[in-house]
Structures are given as C-alpha cells and as structure tokens.
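One structure below.
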Amino acid sequence: MNRIAYSTDPFINILSSKSLTFKQLQADYLLVYTLAAVGNNLQGPYRYAILHSYNLQRSTIEGLYLCAHLSTLCLGTVISSLSDVSIFRGMAHSLYNTNFESWLLQEHHDNDLDTDSLKHLLRNAFVCATSSAVAAGIVAQLSAKFLGYAAPFDLAVGVYLMMIALTMWRWKENYGDRGARVISSFVSAFDVLRTDARVVLVGLVTSFFEATIYIFSIEWTPSIQNAKVWTISDSLPLGFMFSAFMTFNMMGAFTFKALSKRYNVHTYLLAIIMVAMIAVAIVAMFSNIQSLVIFGIFLFEYCVGIYEPSISLLRNQYLPDSVRSTLMNYFRVPRFIFMFSIIIWHFPLSVIFTLCVLMLLLAGVSLLILRNMKQREENQRESERMVLLPIAPSMNVKTTLLPASNRMTNGINYKHISIQGANPE
C-alpha cells in the first residue's frame with residue numbers, strides 16, 4: 001500500500017502555502033478581469049460604427065472620443081456633475097486600466113509572492129483578456145447583424161453587472177495606506193516624479209505608446225474603410241475583424257512569456273517598440289491599400305499584446321506601491337495631451353499615423369535612456385561592493401600529523417592544524 005508522505009520541512013510547507021495563495025489570487029483576479037475585458041470588448045468593434053450610423057462626421061466622432069479620455073483625468077472630482085454617456089465610458093475605462101492592475105500588484109506584494117509568479121499571472125491575465133476579446137468580437141458581429149448596432153452595448157451592460165457582483169463577493173478591499181489622505185497621495189506621487197527621473201521615463205514610455213494605442217482604437221475603422229485599393233471586402237464585418245486583431249494580440253501575450261524568461265524587459269521591449277514603429281509606418285505609407293493597412297494593424301496588435309504585460313513589469317520595478325495608482329493617473333495627463341495635439345486638428349489619416357510613428361520613436365528613446373540608467377546603477381553598485389570589500393589577510397595553513405597514539409580517538413582521525421597570519425612584507 002502506498003502511503004502519503006507529509007513533509008516536516010517548514011520551508012516546503014511555506015512554499016506549499018504560497019502556491020495555494022497564488023492560485024487563489026490568480027483565480028479571483030482572472031475571473032473578474034476577464035469579465036471586465038468581455039464587457040469592454042463587446043463594444044469595441046462598433047463604437048465608431050454606431051456613431052457613424054447617425055451621420056456624424058469623423059471630426060465629431062474624434063471629439064467624442066477625446067471627451068471620453070478627458071473624463072479619465074477628472075475621475076472622482078466632478079463625477080456628480082457629469083451626464084454625457086461618453087464621459088461615463090471614459091471613467092469606467094480609467095478604472096479598468098488603472099485600478100485592476102494596482103489591486104493585483106498590491107495583493108501580490110502583500111502576500112510576498114515572487115516576480116516569476118507575477119509574470120505568470122500577468123501573462124495569463126492578458127491571454128484571458130485577449131481570448132475573451134476574440135469571442136466578444138464574434139458575439140458582437142452576430143448580435144449587431146441580427147439586432148442592430150446597439151445590441152453589443154446592451155450585452156455589455158449585463159456582463160458588467162456580473163463583474164460587479166463577483167468583485168463584491170470575491171475581492172477583498174485593498175486599503176493601501178489607511179492613514180493617508182487623498183491630498184497626501186497626490187503630493188507624495190508628485191514628489192516621486194520630481195525626485196526620481198526613472199519614474200518620469202516610465203511615464204513617458206507609457207504615455208507615448210498608449211497614446212498611439214488609443215489613436216488606433218479611434219481610427220482603425222475609418223482607415224480600413226477609406227482604403228480602396230486591393231480591397232478584401234466592401235462591407236466590412238467589423239466584429240470578425242476585431243476578433244482577428246485580438247487573435248494577434250493574444251499571440252503577442254504568448255510571446256511575452258518566452259521573451260520575459262530569456263531577456264530583460266528593458267531590452268526586448270525596446271525591440272518591440274521598433275517593430276510597432278514599422279507596423280504603424282506601413283499603415284501611414286500605404287493608407288490607400290486595404291490589405292496592407294490590415295496587415296499593419298495585425299502587426300501592431302501583436303506588439304500591443306507583448307507591450308501590455310511588459311509595461312506592467314516595468315511599472316512594478318519603478319513605481320512605489322503607496323502611490324502607484326496616483327502615478328498611473330498622472331501618466332494619463334501627457335497621454336491625453338499627445339492624443340489631443342494630434343486628433344484636434346483632424347489631419348488626414350496618413351498624417352495622424354505618421355505622427356504616431358514619431359511618438360513611438362520617442363517612447364523608444366525614453367526606454368533606451370532608462371535602460372542605460374539602470375546599467376550605470378548596476379555598474380556603480382558593483383564598483384561600490386569592490387571598494388567596500390575589506391582585504392582579508394592571507395593565511396598560511398599548515399597541517400601536521402599527530403603521533404599514532406594521538407590520532408585515533410573513538411574511531412575518528414584528527415590532524416593537528418596550525419594557522420599563522422602572514423607577516424606583511
């Protein structure tokens with residue numbers, strides 16, 4: 001009969017406990033995060049199309065998108081006086097992109113879990129989000145076809161209600177620093193930005209890259225519709241195309257796992273930004289060729305799938321836990337400024353995407369500076385260790401055998417050992 005062996009080693013028991021804690025944290029987070037992603041992505045394929053169906057011009061639709069993103073900067077300050085639907089969607093999007101990640105990172109630190117488990121959880125989160133986005137695109141396509149453009153938005157409401165119920169049931173409240181006031185959090189976060197250039201660089205990488213992502217989320221539908229050469233379809237199945245984009249996004253999330261195991265995030269993320277530049281440049285240069293525009297969007301979504309969990313790792317390295325959410329909301333200010341500066345002029349799409357290439361270039365430069373700063377700090381710490389390490393005196397160790405009568409005691413052989421410090425010359 002086989003018997004189950006229970007370990008008495010406390011180290012093994014600690015590992016087992018941490019494994020159970022991680023599995024519980026992962027299950028709670030992924031369930032709620034996936035529902036949030038489903039609700040968000042059900043609307044994705046038809047946000048532009050439903051506004052365009054009311055005969056709104058591209059400039060007006062872009063203005064509504066800017067209104068939504070502007071509301072993310074005002075979340076929690078003027079919420080009671082707001083009544084526009086786009087503004088409420090913007091505030092919900094702010095919570096989705098900031099509070100979920102902050103809650104996860106804080107819980108991960110509170111449970112003293114290792115970095116590898118965080119990488120694993122982030123990769124699983126983005127795989128769940130993108131795979132659910134693929135399914136959401138198909139559901140949105142079918143519901144819009146049979147019930148109209150408003151149907152995906154109605155379905156999203158039901159999904160959000162389920163998400164709220166599960167959050168209240170499964171998630172524990174993350175209070176952070178209970179003694180801190182709201183204003184002190186803003187002041188502390190500003191002090192971090194003022195004193196730590198690395199946090200500023202992380203913010204610039206985030207702002208430049210994510211401004212490009214959000215511009216793509218606005219302009220991908222008109223960019224495909226306006227391309228009239230080498231067309232794939234005159235009547236675009238937006239839901240199915242959205243699912244295809246998210247499939248490439250999911251492929252990027254799988255690639256992230258392999259890259260994060262072999263390379264430092266500062267190194268491979270820089271290469272991904274360069275590839276994203278090429279993808280956006282294809283859309284800008286061949287804006288009239290539909291097949292190349294779609295290919296460029298596919299490639300860009302693949303890069304986004306790698307970027308999203310990677311930037312979470314980068315923020316985890318540099319952003320203090322106590323003001324993480326506040327800093328991430330501060331990063332929204334330059335991101336909105338970049339978006340506003342490009343969208344407000346209603347440039348032709350080729351010009352807009354060219355400016356996106358420039359923003360990605362600046363994101364790459366910021367990351368390169370951050371990587372060089374990290375390498376200099378590591379070299380400096382290594383030099384300090386070499387300087388501070390005391391020089392141990394050399395020892396002359398001599399061994400002499402004792403007489404036979406003295407060498408054997410209770411079956412144990414002993415040697416007479418004499419140690420003499422070397423005299424300095």
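What the table shows:
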quantity	calculated
Set of the range 323-343 residues, backbone N closer than 17 Å to the point 7 Å along the Cα-Cβ line of Ser217	328-343
Calculated FRET efficiency for the pair Leu142/Trp171, C-beta based, R₀ 30 Å, to 0.05	0.40
Charge tally in the Cβ shell below 13 Å around Met246, where Lys, Arg are +1 and Asp, Glu are -1, Met246 excluded	-2
Exceeding the 21 Å Cα-Cα cut-off - candidates Lys261/Lys374; Lys23/Lys257; Lys172/Lys257; Lys119/Lys261	Lys172/Lys257
Low-density loop positions, chymotrypsin sites (Phe, Trp or Tyr not before Pro), the range 293-358 - DSSP coil, at most 16 other Cβ in 10 Å	Trp345
Computed label-point distance, nm, for sites Ala281 and Ala135 using a 7 Å Cα→Cβ extension	3.9 nm
Within-13-Å neighbourhood charge of Ser207 [Cβ basis; K, R +1; D, E -1]	+2
Label-reachable residues, the range 299-322, where backbone N falls under 11 Å from a point 7 Å from Glu377's Cα toward its Cβ	317-320
Computed lengthening from Trp230 to Asp191, 0.36 nm per intervening residue step minus Cα-Cα distance	8.7 nm
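Quick note: the coordinates plus some simple rules give every number you see, no bench work behind them. Here the structure is a predicted model, which is why all the values come from computation and not from measurement. Backbone-built Cβ (ideal geometry, glycine too); neighbour counts: all protein chains shown.
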